[in-house]
1. Taking strands (runs of 3 or more DSSP E) that do not extend beyond region 56-112, which have at least 1 residues that are modelled with pLDDT under 95 and open to solvent by 70 Å² or more (accessible area, probe 1.4 Å)?
2. Name the pairs: first residue in region 105-117 and within 16 Å of Ala79 (Cβ to Cβ), second residue polar (S, T, N, Q) and open to solvent by less than 50 Å² (accessible area, probe 1.4 Å), Cβ to Cβ under 9 Å, at least 6 apart or on different chains?
3. Regarding region 27-45, can at least one residue be identified that is open to solvent by less than 90 Å² (accessible area, probe 1.4 Å), touching a strand residue (DSSP E or B) at 6+ places or on another chain (Cβ under 6 Å), under 25 Å from Gly69 (Cβ atoms) and modelled with pLDDT of 95 or more?
4. Return the residues of region 46-55 that are in a loop (DSSP other than H, G, I, E, B) and either in contact with a Leu (Cβ under 6 Å, 6 or more places away or on another chain) or surrounded by 10 or more Cβ atoms within 10 Å (Cβ to Cβ) (or both); say none if nothing qualifies.
5. Please determine, by comparing only the residues of region 1-25 that are open to solvent by 60 Å² or more (accessible area, probe 1.4 Å) and under 26 Å from Met89 (Cα atoms), which one is farthest from the chain's Cα centre (by Cα).
6. I'd like the residue in region 4-32 that is part of a strand (DSSP E or B) and not β-branched (Val, Ile, Thr) and, out of all such residues, is farthest from Ile84 (Cα to Cα).
Amino acid sequence: MRYICLIYNSTDTDGTLTPDETAQLIKAHFVFDEELSREGIMIHSDALEMPDTATVLRVRNNTLSATDGPYVETKEHLAGFYVIEAPDMVKAKEIAGRIPSAGYGAVELRPVRTLTLPD
């Protein structure tokens, strides 16, 4: 089963890591990525740009509207994600708990729902 691991960083700690700490965290993610790839667990991972680069889109009454930046005021923002393959939630939790950024923020783990077209 596929799971998505959503990495949230706290706005209180963004930008507070030293350049060396940032480099070590990035390196730890690359090592983790390689490990998951070797184990056949990794489907995809990426980091995201800062929330102020986001655009929120909505369609209402067939009209598209766009709002710059994050939609809600929040103490945490989505910073990156992993999509992994695991046999069950127990194993997925073990894998997600090893994500290096979990030590600085939070990781939301959620099963991916596979949609199919009705007959």
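The values are calculated or read from the model by the stated rules, or taken from the named source; none is laboratory data. Here the structure is a predicted model, which is why all the values come from computation and not from measurement. Glycine also receives a Cβ, built like all others from the backbone with ideal geometry; neighbour counts cover every protein chain displayed. Heavy atoms of the whole protein, side chains included, go into the accessibility calculation; ligands, DNA and RNA do not. Shrake-Rupley method; radii C 1.70, N 1.55, O 1.52, S 1.80 Å.
1. Values: elements: 63-68, 76-85, 106-111.
The qualifying strands (runs of 3 or more DSSP E) are 63-68, 76-85.
2. Between residues of region 105-117 that are within 16 Å of Ala79 (Cβ to Cβ) and residues that are polar (S, T, N, Q) and open to solvent by less than 50 Å² (accessible area, probe 1.4 Å), the close pairs are Gly105/Asn9; Gly105/Ser10; Ala106/Asn9; Ala106/Ser10; Val107/Ser101.
3. yes
4. Restricting attention to region 46-55, the residues satisfying the condition of being in a loop (DSSP other than H, G, I, E, B) are 48-50, 54.
Once the filter is applied, which keeps residues that are in a loop (DSSP other than H, G, I, E, B) and either in contact with a Leu (Cβ under 6 Å, 6 or more places away or on another chain) or surrounded by 10 or more Cβ atoms within 10 Å (Cβ to Cβ) (or both), region 46-55 yields Leu48, Met50, Ala54.
5. Met1
6. In the first step, residues of region 4-32 are kept if they are part of a strand (DSSP E or B); the result is 4-10.
Filter once more, keeping what is not β-branched (Val, Ile, Thr): 5-6, 8-10.
Details: Cys5: 8, Leu6: 11, Tyr8: 17, Asn9: 20, Ser10: 23 Å.
Selected residue: Ser10.
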